[in-house]
Amino acid sequence: MKKRKYLLVDASILPDYYEKVIEAKALLSSGKETNVSEVVKTVGISRSTFYKYKDYVFALTDEMEHRKAVISFMLSHKAGLLGEVLRVLSEYGANILTISQNMPIHDIAHVTISLELSPVHPDAEDFIPMLNDIDGVSGAKLISIE
């Protein structure tokens with residue numbers, strides 16, 4: 001997986017549609033608007049522009065210093081395995097907020113972990129492959145990120 005590269009750029013030198021994409025995302029996430037077609041009309045961009053940039057343009061906020069993420073994976077019913085997952089997350093600098101583990105059925109348990117990402121390692125996608133490499137962990141994926 002190719003590592004993402006981020007730049008901090010003053011918005012005044014960028015085309016105005018980047019800020020409009022951020023405005024559209026804010027309207028959608030606030031719940032004030034739920035229809036993408038209406039939101040893009042409101043802010044003055046095309047749907048294709050919105051979809052092209054929505055996953056790549058972010059507003060810099062104080063909250064970005066402490067982003068939260070939710071991950072999910074399947075865990076074999078072996079002693080110490082969850083501890084190994086937590087060790088990997090800790091080494092990555094993640095702060096565990098909640099752990100939800102279902103009862104193992106056929107020796108497999110579903111686990112969901114919410115965590116706070118380290119400002120030093122803000123990209124949650126970096127540790128997902130590390131979790132999948134642990135013997136007994138499968139299907140690790142990023143469910144959401146804020």
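The values are calculated or read from the model by the stated rules, or taken from the named source; none is laboratory data. Everything quoted here is computed from the prediction, not taken from an experiment. Reconstructed Cβ throughout: ideal geometry from the backbone, glycine too, with neighbour counts over all protein chains shown.
Among the residues of the stretch 78-111, which ones are among the small types (G, A, S) and free of Cβ contacts under 8 Å to residues at least 12 places away in the same chain?
Of all residues in the stretch 78-111, those among the small types (G, A, S) come to 79-80, 83, 90, 93-94, 100, 109.
Passing the criteria: A79, G80, G83, S90.
Tell me whether the stretch 89-96 contains one or more residues that are surrounded by 14 or more Cβ atoms within 10 Å (Cβ to Cβ), in a loop (DSSP other than H, G, I, E, B) and at pLDDT below 95.
Yes, the stretch 89-96 has at least one match.
Across the stretch 31-51, what is the total count of residues that are within 15 Å of D16 (Cβ to Cβ) and loosely packed, with under 15 Cβ neighbours inside 10 Å?
Quick first cut of the stretch 31-51, residues within 15 Å of D16 (Cβ to Cβ) only: 40, 42-46, 49-50.
The next check asks that each one be loosely packed, with under 15 Cβ neighbours inside 10 Å; those that pass are 44, 46.
Result for the stretch 31-51: 2.
Please verify whether the stretch 111-119 includes one or more residues that are among the charged types (D, E, K, R), surrounded by 14 or more Cβ atoms within 10 Å (Cβ to Cβ) and more than 8 Å from I71 (Cα to Cα).
In the first step, residues of the stretch 111-119 are kept if they are among the charged types (D, E, K, R); the result is 116.
Among the residues that remain, those that are also surrounded by 14 or more Cβ atoms within 10 Å (Cβ to Cβ) are: 116.
Keeping just the survivors that are more than 8 Å from I71 (Cα to Cα) gives 116.
Checked against the condition, which is being among the charged types (D, E, K, R), surrounded by 14 or more Cβ atoms within 10 Å (Cβ to Cβ) and more than 8 Å from I71 (Cα to Cα), the stretch 111-119 yields at least one hit.
When residues of the stretch 33-79 are filtered for being farther than 17 Å from L14 by Cβ, assigned to a helix (DSSP H, G or I) and modelled with pLDDT of 85 or more, how many remain?
Result for the stretch 33-79: 10.
I'm told L28 meets every condition in (1) surrounded by 15 or more Cβ atoms within 10 Å (Cβ to Cβ); (2) farther than 26 Å from K141 by Cβ; (3) aliphatic (A, V, I, L, M); (4) out of contact with any Leu (no Cβ under 7 Å at 6 or more places or on another chain) except one. Can you identify the failing condition by its number?
If we test L28 against (1) surrounded by 15 or more Cβ atoms within 10 Å (Cβ to Cβ); (2) farther than 26 Å from K141 by Cβ; (3) aliphatic (A, V, I, L, M); (4) out of contact with any Leu (no Cβ under 7 Å at 6 or more places or on another chain), just (2) comes out false.
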